[in-house]
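Below you'll find the structure, written out as structure tokens, and then a few comments.
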Amino acid sequence: MADSVTSMTPGKENLLFLTDEQLRKGIEAMFFAYRGFTADPDRILEKHGYGRAHHRAIHFIHRCPGTTVNNLLAILGVTKQSLNRVLRTLIADGLVESRVGTRDKRERHLYLTRSGDALEQDLSNAQRVRMRAAYRTVGPEAVAGFRQVLEAMMDPEMQHHFNRLRGNRP
């Protein structure tokens, strides 16, 4: 089958129909883009003996200072045991601080320490450099379209967390 899209507006591509081959190419592009997106942070993490789970925890604790362990579990979609392993390491290494809740003593609120903030900056700077270069290459319309595609692929619960991070309350 030809590699084409159905167009409803003259001169504009309206991506209403994609062939299986176009979808396959998109899936493969996401796999390879993800490898590139994670390669630079992976090198930084490796120096510290950390993996991507540590990176995700650091990222979301930075984005939501004071978040609870339960909220982080919901955002990351991992098991409590898995998250506890990651948090124990980050706390022991002085990157994350766990504080007892003021309203509910059973809650643990998570904050990055100065060292945690510094590592988060190194990791996010590496990813921003790559994203900025890619965005600059493709232009603002492609950037907006890319963001819309990513948001449309999110499960409703993840869309909820994403909107909360952006300050949009659904």
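Taken together, the values in this text are just the output of simple stated rules run on the coordinates, not laboratory data. As the structure is a computational prediction, the values presented were derived from the model and not from experiment. Every residue, glycine among them, receives a Cβ derived from its backbone with ideal geometry; neighbour counts consider all protein chains shown.
Tabulated data for the structure shown
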read-out	value
Alpha-carbon centroids, segment 142-168 and segment 50-96: separation in whole Å	21 Å
D (Stokes-Einstein, µm²/s), Kirkwood Cα radius, the chain, 1.306 mPa s at 10 °C	86 µm²/s
Neighbour-count ranking [beta-carbon atoms within 10 angstrom, fewest first] of Tyr135, Tyr34	Tyr34, Tyr135
Around Arg108: net Lys/Arg minus Asp/Glu count, Cβ-Cβ under 13 Å	+3
Relative contact order for segment 35-138, counting Cα pairs under 8 Å that sit 6 or more residues apart, in percent	33 percent
Counted charge near Leu87, where neighbours are those whose Cβ lies closer than 12 Å (Asp, Glu -1; Lys, Arg +1)	+3
Two-site label geometry, Arg147 and Ala39: point separation in nm, points 7 Å out along Cα→Cβ	2.6 nm
